[in-house]
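Single-structure report; data block below.
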Amino acid sequence: MQDREQFEATAAVLRGDRELGDELQELGRWISETFGTEVVNIIVDALHDTTPRVNVWLRSAAQARAFRNDDDGGNYDRTKQTAVSRRYAQAIPTGPRSSSDSEAFVVFRAFEPEARNRAIDLTPAELETLRDGLRSPALWRIMVAWGRVVFFVHTDAEAAAFREGPEFDRWTTAFRSAVRSRDEFDLVPRLPPVFELDSKERFDRDFRSSSYYYFL
């Protein structure tokens, strides 16, 4: 299942429009109780080699991080992965298993950061409309990516000046207002994006005028 489909299915569970089957509900309760977390959805699909993949959706980023191992480069905690995989095999019987059968591959995802990012992900046309409505000649462009909202003025000198004045606050307030109707789960006030001020001059000079390099 594609990322967007998984996200929309999880949002439907949180709205109360969709329910998990009994076996997955039981698995979710076990994960929540065992690891002191809040499972909001579980989606089972398959990898390309048909290995089952168990997508465990947790509510917050902090809860998802608890299933990673900082001592292993931030990869998933293999002990927790294995525990969930084995519990899944018990909860969802699929017939006799042999030693050659693949264990389910378990991944852990956080709902709230994705929901917040989708809420603030205005289209280029919407960002242009917002910029034009601000009626500030110094404002060149607004870009959004990976939870960051960057307001670009034209020069480095303008960027330094606007950081110390009230205009930047006016821009960020307008952005929050623009995304309010998209913020279905009211996450932007609690998980605000990172608002930044930069210049076209620096964008052109240091990042080859490329948003790809800028947000890399």
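The values are calculated or read from the model by the stated rules, or taken from the named source; none is laboratory data. All values derive from a computational prediction rather than experimental measurement. In this analysis, Cβ positions are derived from the backbone assuming ideal geometry, glycine residues included, and neighbour counts consider all displayed protein chains.
Per-structure values
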| quantity | calculated |
| --- | --- |
| Residue in region 62-88 that is nearest to Thr34 (Cα to Cα), counting only those that are part of a helix (DSSP H, G or I) and in contact with a strand residue (DSSP E or B) (Cβ under 6 Å, 6 or more places away or on another chain) | Val84 |
| Hits in region 26-47 - residues which are more than 18 Å from Ser85 (Cβ to Cβ) and surrounded by fewer than 16 Cβ atoms within 10 Å (Cβ to Cβ) | Gly36, Glu38 |
| Cross-chain or 6+ apart pairs with Cβ under 6 Å, region 140-160 first and farther than 15 Å from Tyr214 by Cβ, then surrounded by 15 or more Cβ atoms within 10 Å (Cβ to Cβ) and modelled with pLDDT under 95 | none |
| Flag for Ala119 being modelled with pLDDT of 95 or more, among the small types (Gly, Ala, Ser), within 30 Å of Leu27 (Cβ to Cβ) and in contact with a Phe, Trp or Tyr (Cβ under 7 Å, 6 or more places away or on another chain) | no |
| Residue among Glu33, Glu103, Glu8, Glu112 that alone is in a loop (DSSP other than H, G, I, E, B) and not assigned by TED's automatic domain parsing to the domain that holds Pro193 | Glu103 |
| Single residue of Gly133, Gly147, Gly165 found to be modelled with pLDDT under 95 and not assigned by TED's automatic domain parsing to the domain that holds Ala61 | Gly165 |
| Candidates Arg163, Arg208 - the one that is touching a Leu at 6+ places or on another chain (Cβ under 7 Å) and of a type in the set (D, E, K, R) | Arg163 |
| Count of residues meeting criterion [among the polar types (S, T, N, Q) and buried (at least 20 other Cβ atoms within 10 Å of the Cβ)] in region 48-66 | 1 |
| Residues of region 71-85 satisfying the condition of being modelled with pLDDT under 95 and not small (Gly, Ala, Ser) | Asp71, Asp72 |
| Residue tally, condition within 26 Å of Trp140 (Cα to Cα), of a type outside the set (A, V, I, L, M) and touching a residue at least 24 places away in the same chain (Cβ under 8 Å), over region 184-205 | 9 |
| Residue satisfying all of: in region 181-208; surrounded by fewer than 17 Cβ atoms within 10 Å (Cβ to Cβ) and within 11 Å of Val149 (Cβ to Cβ); farthest from the chain's Cα centre (by Cα) among these | Glu196 |
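For (1) touching a His at 6+ places or on another chain (Cβ under 8 Å); (2) within 23 Å of Val153 (Cβ to Cβ); (3) hydroxyl-bearing (Ser, Thr, Tyr), each residue gets a yes or a no:
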site	(1), (2), (3)
Ser181	no, no, yes
Glu184	no, no, no
Val188	no, no, no
Pro192	no, yes, no
Phe195	no, yes, no
Lys200	yes, yes, no
Phe203	no, yes, no
Tyr212	no, yes, yes
Phe215	no, yes, no
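Residue-wise test of (1) farther than 30 Å from Arg78 by Cα; (2) surrounded by fewer than 18 Cβ atoms within 10 Å (Cβ to Cβ).
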residue: Val107; (1), (2): no, yes
residue: Glu164; (1), (2): yes, yes
residue: Val179; (1), (2): yes, no
residue: Tyr213; (1), (2): yes, yes
